[in-house]
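Presented below is the structure to which this report refers.
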Amino acid sequence: IWNRSSPGSSTTFESVKTPTSSPPKGTVKTQEAHVCAYTAAEDVNVTFEDQQKINKFARNTSRITELKEEIEVKKKQLQNLEDACEDIMLADDDCLMIPYQIGDVFISHSQEETQEMLEEAKKNLQEEIDALESRVESIQRVLADLKVQLYAKFGSNINLEADES
């Protein structure tokens, strides 16, 4: 931080160091998930509980991002399973043995057995997706509650909106 002072007619600049271990008085800052709270405009007292709420908000925002990415991966896997089911249905040869991957090994099964295994895998994957989406909704409710509490106390001195960078 640079302080500008003008003693007499000349202008001088001096470097002022602020401690890096603790933020300046009246300032709360967390870098997790691009959530920042600055209380420089007004002297708002930031309690330990307030800081805990801000940190919880940041952690949950980060967790939602991770869960949404995981949901997208699982949806792609589900689409791949659906495509495989369609390809097996289009196969003309009923006697065809189809390799099905279990772990690191491929095991050949009849068309009907493979179809059943794919349907079971699709069902399990859809259940996982539903559970993840439920978790996201639960976290979003917590975030909404925290937003109300933090905006009520800090008003425009806190920014809880995600950066689009």
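A short reminder: the numbers here are calculations on the coordinates, not readings from a lab. Values in this document were obtained by computation on a predicted structure and should not be read as measured data. No Cβ is skipped: glycine too gets one built from the backbone with ideal geometry, and neighbour counts run over all protein chains shown.
General observations
- For the stretch 43-165, the tally of Lys pairs with Cα-Cα distances below 29 Å comes to 18, considering only residues 8 or more apart or on different chains.
- Taking other C-beta atoms within 10 angstrom as a stand-in for reagent exposure, CYS85, CYS95 fall in the order CYS95, CYS85, fewest first.
- Under 17 Å from the GLN111 label point (7 Å along Cα→beta-carbon), backbone N, the stretch 74-97: 83-97
- Computed from backbone phi, the HN-Hα couplings of the stretch 144-160 come to 4, 5, 5, 4, 4, 5, 6, 5, 4, 7, 9, x, 7, 7, 10, 10, 10 Hz, rounded to whole numbers (Karplus: 6.51 cos²θ - 1.76 cosθ + 1.60, θ = phi - 60°; Gly and Pro given as x).
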